[in-house]
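Would you mind keeping the following structure in view while I ask a few things?
The values are calculated or read from the model by the stated rules, or taken from the named source; none is laboratory data. It should be emphasised that the depicted structure is a prediction, and the values quoted were computed from it without experimental measurement. Positions of Cβ are backbone-derived with ideal geometry, glycine not excepted, and every protein chain shown enters the neighbour counts. Areas reflect the complete protein model, heavy atoms only, side chains present, ligands, DNA and RNA absent. Shrake-Rupley method; radii C 1.70, N 1.55, O 1.52, S 1.80 Å.
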Amino acid sequence: MKKVTSRPVEPEELNIEQKTTLGLSLWLLLAVHFTLNYLTFTYYAEDLLSMKTMGYWIFILNNIFLASLVFFNKRVMNWSWSDLGLGKPVNWWQPLVITLVTSGALLLFSRLVRPDIIETFGKHQNVGHVLAIKDNLSLLITSTLTMWITAAFLQELVFRAFLIRALDSLLGKTGWSLWVAVLTSAIIFAGVYAHQGMTGILITGFVGLVFGIAYILNGRRIWPLILVHGLVDTLTFISIYNM
């Protein structure tokens, strides 16, 4: 009897040129994205939400770079959008279950673990820019729309679908490479938030790990993750607006 595994059928193996391109793209992702992120949150964090500031446009440039990198590799690797997590759900209940379980895991973490992290390492650093949303309805609306595009959608596309798939391919698509890719993607995702101090790194790292596991359990589709990511950030923005 043929052995059944949780790993979906993969397209043809990448050739050496494709693997080289993919590896260089990952190094470019780390170098450029981390550099632009550092500049944004080190020198322009306080006015980041204002379109009149340099920080806002560096932030936009950073997201254009991420999107361009994914489009470029999609073309070179001959990937479809389904290969990058945007495939149609095979049924109605699986995404719903993944959404509920992921939300529950984040809620438990927020209630049981997050307070201890904050008590030990202090509050998040360099997050003062979001306080500009307070009592500013127009900024709340524009920031929420921007967040759904750049954070909820693009970050899940890049740091879950693209990054996990790329790392898994470069590691040889073995029985362990997929989970190494999930863990590595969570570590990289945490590093993006290094400007928030150890608190931001640990909290974001956990979120990245939960989302990575959910991505795999959902058949490598990111729709539930986009929804959960967007809703969590939206509720955060609304709570700040009503402070």
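I'd like the full set of residues that are part of a helix (DSSP H, G or I), without any contact (Cβ under 8 Å) to a residue 60 or more places away in the chain and buried (at least 16 other Cβ atoms within 10 Å of the Cβ), limited to the range 184-193. Outline the logic, then answer.
Going through the range 184-193, the residues part of a helix (DSSP H, G or I) turn out to be 184-192.
From what is left, the residues that are without any contact (Cβ under 8 Å) to a residue 60 or more places away in the chain are 184-187, 189-190.
Passing the criteria: Thr184, Ser185, Ala186, Phe189, Ala190.
Separate question: What residue, among those in the range 86-141 that are charged (D, E, K, R) and in a loop (DSSP other than H, G, I, E, B), is farthest from the chain's Cα centre (by Cα)? Outline the logic, then answer.
Taking the range 86-141 first, the residues charged (D, E, K, R) are 88, 111, 114, 116, 119, 123, 134-135.
From what's left, in a loop (DSSP other than H, G, I, E, B): 88, 123, 134-135.
Numbers: Lys88: 20, Lys123: 21, Lys134: 25, Asp135: 28 Å.
The qualifying residue farthest from the chain's Cα centre (by Cα) is Asp135.
Next question. Any residue at all in the range 216-223 that is open to solvent by 30 Å² or more (accessible area, probe 1.4 Å) and within 11 Å of the chain's Cα centre (by Cα)? I'd like the intermediate steps shown before the answer.
Restricting attention to the range 216-223, the residues satisfying the condition of being open to solvent by 30 Å² or more (accessible area, probe 1.4 Å) are 217, 219, 221, 223.
Filter once more, keeping what is within 11 Å of the chain's Cα centre (by Cα): none.
Among the residues of the range 216-223, not one is open to solvent by 30 Å² or more (accessible area, probe 1.4 Å) and within 11 Å of the chain's Cα centre (by Cα), which makes the answer no.
Something else now. State the number of residues belonging to the range 195-207 that are more than 14 Å from the chain's Cα centre (by Cα) and open to solvent by 50 Å² or more (accessible area, probe 1.4 Å).
Matching residues across the range 195-207 total 2.
Taking the range 198-227, which residues are under 12 Å from Trp179 (Cα atoms) and without any contact (Cβ under 8 Å) to a residue 40 or more places away in the chain?
Leu209, Ile213 - these are the residues of the range 198-227 that are under 12 Å from Trp179 (Cα atoms) and without any contact (Cβ under 8 Å) to a residue 40 or more places away in the chain.
Could you please give the count of residues in the range 16-57 that are among the polar types (S, T, N, Q) and over 27 Å from Val130 (Cβ atoms)?
4
In the set Val158, Val228, Val180, Val210, which member is part of a helix (DSSP H, G or I), of a type in the set (A, V, I, L, M, F, W, C) and open to solvent by 30 Å² or more (accessible area, probe 1.4 Å)? Talk me through it step by step, then tell me what you get.
Values: Val158 fails: open to solvent by 30 Å² or more (accessible area, probe 1.4 Å); Val228 fails: open to solvent by 30 Å² or more (accessible area, probe 1.4 Å); Val210 fails: open to solvent by 30 Å² or more (accessible area, probe 1.4 Å).
Answer to the check: Val180.
Say whether the condition of being crowded, with 18+ Cβ neighbours inside 10 Å, within 18 Å of Asn73 (Cβ to Cβ), polar (S, T, N, Q) and in contact (Cβ under 8 Å) with a residue 40 or more places away in the chain is met by at least one residue in the range 163-174.
Yes.
For the range 62-85, which residues satisfy the criterion of being within 17 Å of the chain's Cα centre (by Cα) and surrounded by 14 or more Cβ atoms within 10 Å (Cβ to Cβ)?
If the condition is that a residue be within 17 Å of the chain's Cα centre (by Cα) and surrounded by 14 or more Cβ atoms within 10 Å (Cβ to Cβ), then Asn62, Asn63, Phe65, Leu66, Ala67, Leu69, Val70, Asp83, Leu84, Gly85 are the ones that fit.
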